[in-house]
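Okay, so here's the structure we're looking at.
Only the coordinates and a few stated rules stand behind these numbers; no lab work does. Bear in mind the structure is a predicted one, so any value in this text is a computation, not a measurement. We place every Cβ from the backbone using ideal geometry, glycine too, and count neighbours over all the protein chains shown.
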Amino acid sequence: MLPTQSGGPGAFAQFDLNRVPTPCYVVDEEKIRSNLEILRDIGDRSGARVLLALKAFSMWSLAGLIEEYLDGCCASGVWEARLAREKNFVPPKKEKVLSTFSPAFRKEEIEEVCSLSDHLIFNSPKSFGVEHARKAGVSCGLRINPELSLGLDPKYDPCAENSRLGYPLDNLKKEDLSQFDGLHFHTLCEQNFDPLMQTWLKVEKRLGDILENFKWINLGGGHHCTREDYDRDGLLNLISKITDKYKVQVYLEPGEAVALDGGILVGEVLDVMEVTKNHILLDLSATCHAPDVIEAPYRPSLMGECKGGKYEYMLGGSSCLTADSFGCYRLNQKLQRGDRVAFLDQAHYTMVKTNTFNGVALPSIALWNSKTDELFITKQFDYEEFVNRLS
Ligand SMILES: Cc1ncc(COP(=O)(O)O)c(C=O)c1O
């Protein structure tokens with residue numbers, strides 16, 4: 001079981017959960033802004049260009065805010081690249097960058113992906129599309145696998161044995177690199193600075209003599225640099241050293257760090273089943289609304305939970321999956337039908353991963369501003385959403 005990375009409710013402690021329909025993600029614009037301010041500061045002080053990884057957080061009603069602070073986005077394929085352009089996460093300004101990486105590209109999409117992207121990152125020197133992208137004038141990069149596992153769960157470790165993500169560093173022939181402007185590695189997941197440093201030292205040891213041939217080096221995502229205990233000075237020093245020594249542009253592409261503690265998932269107690277273990281039946285579903293709870297797995301923090309609390313509840317989801325449960329929680333107040341609950345840190349890797357298994361309703365999406373207390377329900381889904389994905 002992975003630990004939750006939530007730093008607590010923050011301003012959401014003041015949010016009245018009855019103000020939104022359930023189920024609902026509520027995102028605090030001010031918290032996202034404060035994360036973006038930290039990331040902008042990292043960019044300004046180190047010279048790095050910071051991109052949002054859309055796979056983690058694609059809330060396009062905040063595209064304007066994100067564009068105000070960051071240097072662009074990274075996309076996982078043609079649809080995210082299209083979203084980045086159409087929703088103006090990355091407007092066509094010279095200084096903004098859209099960087100796309102996919103382990104492999106389809107023949108039918110390579111032209112469109114080239115027309116949308118400034119950087120195209122390939123999984124191997126012989127990947128389909130390299131020639132096409134070079135001819136189209138797109139800046140091409142190679143994703144390498146530094147083959148250094150640093151204590152991660154193998155499920156979230158692109159350096160795990162037999163990983164398909166990135167070209168293994170030890171197999172790399174330096175002559176294969178001549179066709180690339182950039183080098184990319186993404187090996188971290190919710191980590192502090194030290195594993196990045198260790199990974200960089202390995203890459204530098206192996207490729208140090210040719211690093212100055214590149215225009216850019218992309219250090220991927222997984223840097224939890226908006227977390228309070230993150231060693232930002234370490235990161236700033238490393239980026240400045242890389243830039244000075246090799247005269248390359250450094251890129252970072254965090255996802256989680258942009259949205260960390262930026263949202264909650266609000267649900268309602270539909271019923272209490274006291275026969276077994278005080279099961280609470282919610283209109284939320286872990287498997288549909290927060291799939292990482294089951295996939296990782298991890299136990300999300302609950303607003304108001306209390307270690308020594310008087311009441312113990314199993315908070316269960318509304319699908320038929322036996323494992324559709326958020327976990328066991330202690331509270332000081334008794335829960336009853338109609339009560340609202342909220343899980344913390346639910347903005348990233350949630351609304352991008354929802355599904356309608358069992359015909360469970362998709363959560364609405366609300367934008368709240370903790371400074372002004374303004375609230376907008378930006379999206380509500382209905383039956384059509386469910387039926388239109390089937391035939
Ligand atoms: C290539 C790549 N870049 C960036 C990210 C963003 O990582 P995170 O959200 O952990 O910062 C991911 C996440 O899987 C990724 O695969």
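Structure note, pairs 202/241; 31/247; 55/245: Cα-Cα distances above 26 angstrom occur for 31/247; 55/245.
About the centre of its Cα atoms, the chain shows a dipole size close to 580 debye [charges on the beta carbon of Lys, Arg (+1) and Asp, Glu (-1) only; nearest 20 debye]. The residue 126 and residue 237 beta-carbon pair, evaluated with R₀ = 51 Å, returns a calculated FRET efficiency of approximately 0.90.
Taking the centroid of alpha carbons for each part, the stretch 151-168 and the stretch 190-250 are 19 Å apart. Subtracting the Cα-Cα distance of residue 321 and residue 306 from their residue separation scaled by 0.36 nm leaves 2.7 nm.
If R0 is 51 Å, the Cβ-Cβ spacing of residue 112 and residue 281 corresponds to a FRET efficiency of close to 0.70. Ranking 254, 357, 163 by how far each Cα lies toward the positive end of the dipole of the chain (charges on Cβ) leaves 163 at the top.
When the chain is treated as a GNM with alpha-carbon contacts under 10 Å, the residue of 362, 238, 219 showing the greatest mean-square fluctuation is 238. Rounded to 0.05, the FRET efficiency of the residue 174 and residue 378 pair, given R0 = 56 Å and the Cβ-Cβ distance, is 0.70. Look at the dipole of the stretch 75-224 built from charges on Cβ: of 184, 139, 152, the Cα furthest out on the positive end belongs to 139.
Using a cut-off of under 18 Å, list every residue of the stretch 287-324 whose amide N is near the label point 7 Å from the Cα of residue 149 along the Cα-to-beta-carbon line. Under 18 Å, as judged by backbone N against the label point of residue 149, lie 296-297 of the stretch 287-324. Once you sort the root eigenvalues of the Cα gyration tensor of the stretch 211-304 as a ≥ b ≥ c, which label holds: rounded (a/c under 1.5), prolate (a/b larger than b/c) or oblate (the other case)? Prolate. Placing +1 on the Cβ of every Lys and Arg and -1 on the Cβ of every Asp and Glu, with nothing else charged, gives the stretch 8-101 a dipole about its Cα centre of roughly 340 debye.
Convex hull volume per residue, computed on the Cα atoms of the stretch 74-130, equals 70 Å³.
The Cα center of the stretch 264-301 and the Cα center of the stretch 11-54 differ in position by 24 Å.
The length gained on full extension between residue 136 and residue 332, counted as 0.36 nm times the residue separation minus their Cα-Cα distance, comes to 64.4 nm.
For the stretch 277-390, the residue among 322, 332, 372 whose Cα projects farthest onto the positive side of the dipole built from Cβ charges is 332. Its residue count N fixes a reference of 2.2 N^0.38 Å for the chain, and the Cα radius of gyration divided by that reference is 1.03. Pairs of Lys residues in the stretch 275-391 that lie 8 or more places apart, or on two chains, and have C-alpha atoms under 29 angstrom apart add up to 8. Counting only Cβ charges, +1 for Lys and Arg and -1 for Asp and Glu, the dipole size of the stretch 262-323 around its Cα centre is about 220 debye.
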